[in-house]
Amino acid sequence: MPEARSIVFASGKGGTGKTTTVVNTGVALAKFGKEVILIDADITMSNLSLVLGMEDIPITLHDVLSGEATIKDAIYEYKGLSKVKVIPGGLSLEKLKKAKNYEKLREIIMEIQDMADFILIDAPAGLEMTSVTALLVGKELILVVNPEISSITDALKTKMVAEKLNTLPLGAVLNRVTSEKTDLTKEEIEAILEVPVLVSVPEDPEVKRASAYGIPLVLKNPDSPASISYYMLASKLAGVPYEPPKPESPLSRIFKGLFGGRRR
Ligand code: ADP
Ligand code: MG
């Protein structure tokens, strides 16, 4: 297999939707036939395996970085989807806090380069040592931002640091878009960040529900608004066409209500 594209998903501040984006974009890429490895490199809020419903993992990235296991021991196949592999983050993370461990992470990613088409890295937020070094781990960067000014200015700093480190900013995922007038627009955000907004993901209550079930939204509810956005992003990254489902017409909804749907 040729060398994987390694993409770091980062943000200025926490909670913008990095983990949600990594999981759903990764699974969508697999649905498009790509081999994917998801890495939880967020030491501050390690929750990738939770969103995937893979809590009971014996060996994690932490054990690999501390030298107690090899990377092959910490790669798990996501249940039912052989194209998705997961390297979970550990919960006892003291040792990981040292930047030199991220150098090791970089070596590890070299080791697994030929195992996948895409390596998606869930990075810690902020611009502390660990977050900055995490930017070095992938060759490309996607910023995950929300449509508010503080999120964008923080992301701009992250982008500038990434460029200094020769990590290529591909663009931004604009997450949790609402119809509020206070939301910054895609155009405003592109003007500030000077990168394209690759996709806008709407605020979607299904995201939290899927996460509570431990099932990626793109599998649990592939036609929900946020899912459609993640499939669109994956289709862009993979260069595979994707036709979003057409919104249901009011008439077909009525018919479904009459003849299909729930019966008692
Ligand atoms: P991060 O990894 O950047 O800290 P998460 O992916 O964990 O962010 O998302 C933070 C919270 O926001 C989670 O509770 C998640 O369910 C919620 N969330 C993320 N994206 C959306 C969305 N598009 N619509 C609604 N809730 C979302
Ligand atoms: Mg996270």
Check: Can you pull out the residues in the stretch 38-50 that are open to solvent by 10 Å² or more (accessible area, probe 1.4 Å), under 13 Å from the mean Cα position of the chain (by Cα) and more than 8 Å from ligand 2 (Cβ to nearest atom)?
Finding: 49
Next item on the list: Answer yes or no as to whether residue 150 is more than 16 Å from ligand 2 (Cβ to nearest atom) and either within 15 Å of the chain's Cα centre (by Cα) or more than 20 Å from residue 2 (Cβ to Cβ) (or both).
Entry: yes
Check: When you go through 191, 134, 172 one by one, which is the residue that is out of contact with any Gly (no Cβ under 8 Å at 6 or more places or on another chain) and under 22 Å from residue 29 (Cα atoms)?
Finding: 172
Notebook entry, point to check: Since residue 19 meets every condition but one in (1) without any contact (Cβ under 8 Å) to a residue 40 or more places away in the chain; (2) in contact with a Leu (Cβ under 8 Å, 6 or more places away or on another chain), which condition does it not meet?
Noted result: (1)
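Hey, could you check the stretch 113-136 for residues that are part of a helix (DSSP H, G or I) and away from ligand 2 (no atom under 16 Å from the Cβ) and say which is most open to solvent (accessible area, probe 1.4 Å)? Step through it out loud before you land on a result.
To start, the set of residues in the stretch 113-136 that are part of a helix (DSSP H, G or I) comprises 113-115, 129-135.
Okay, now just the ones that are also away from ligand 2 (no atom under 16 Å from the Cβ), so 113-115, 129, 132-133.
Working: 113: 16, 114: 93, 115: 66, 129: 126, 132: 35, 133: 19 Å².
Residue satisfying both the conditions and the ranking: 129.
Under the condition of being within 16 Å of ligand 2 (Cβ to nearest atom) and among the hydrophobic types (A, V, I, L, M, F, W, C), which residue from the stretch 1-26 is farthest from residue 78 (Cα to Cα)?
Step one: list which residues in the stretch 1-26 are within 16 Å of ligand 2 (Cβ to nearest atom), which gives 7-26.
Still in the list and also among the hydrophobic types (A, V, I, L, M, F, W, C): 7-10, 22-23.
Numbers: 7: 19, 8: 20, 9: 20, 10: 23, 22: 14, 23: 11 Å.
My answer is 10.
Okay, residues lined up against (1) under 20 Å from residue 19 (Cβ atoms); (2) at pLDDT 95 or above; (3) away from ligand 2 (no atom under 16 Å from the Cβ):
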residue: 164; (1), (2), (3): no, no, yes
residue: 187; (1), (2), (3): no, yes, yes
residue: 204; (1), (2), (3): yes, yes, yes
residue: 218; (1), (2), (3): yes, yes, yes
Check: How many residues, within the stretch 153-177, are crowded, with 22+ Cβ neighbours inside 10 Å, in a helix (DSSP H, G or I) and of a type in the set (Val, Ile, Thr)?
Finding: 1
Margin query: Can you find a residue that is within 16 Å of ligand 1 (Cβ to nearest atom), surrounded by fewer than 24 Cβ atoms within 10 Å (Cβ to Cβ) and touching a residue at least 40 places away in the same chain (Cβ under 8 Å) anywhere in the stretch 24-37?
Written below: no
Next item on the list: Pairs only if they're at least six apart or on different chains, beta carbon under 7 angstrom, first in the stretch 137-152 and farther than 17 Å from residue 124 by Cβ and part of a strand (DSSP E or B), second within 14 Å of ligand 1 (Cβ to nearest atom) and at pLDDT below 95; list them, first residue then second.
Entry: none
Next item on the list: Out of the residues in the stretch 183-213 that are of a type in the set (A, V, I, L, M, F, W, C) and in a helix (DSSP H, G or I), state the one that is most open to solvent (accessible area, probe 1.4 Å).
Entry: 212
Next item on the list: Report yes if residue 220 is more than 15 Å from the chain's Cα centre (by Cα) and open to solvent by 20 Å² or more (accessible area, probe 1.4 Å), otherwise no.
Entry: yes
Next item on the list: Of the numbered conditions (1) buried (at least 22 other Cβ atoms within 10 Å of the Cβ); (2) touching a strand residue (DSSP E or B) at 6+ places or on another chain (Cβ under 6 Å), residue 75 fails exactly one; give the number of that condition.
Entry: (1)
Note to self: Taking the condition of being open to solvent by 20 Å² or more (accessible area, probe 1.4 Å) and small (Gly, Ala, Ser), how many residues in the stretch 14-23 meet it?
What the structure shows: 2
Check: Restricted to the stretch 1-11, and to residues that are surrounded by fewer than 24 Cβ atoms within 10 Å (Cβ to Cβ) and outside any strand (DSSP E or B), which residue is nearest to the chain's Cα centre (by Cα)?
Finding: 4
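The values are calculated or read from the model by the stated rules, or taken from the named source; none is laboratory data. Remember, it's a predicted structure, so these values are computed and weren't measured experimentally. Virtual Cβ from ideal backbone geometry, glycine too; neighbours counted across all protein chains shown. Surface areas here come from the heavy atoms of the whole protein model, side chains and all, with no ligands, DNA or RNA. Shrake-Rupley method; radii C 1.70, N 1.55, O 1.52, S 1.80 Å.
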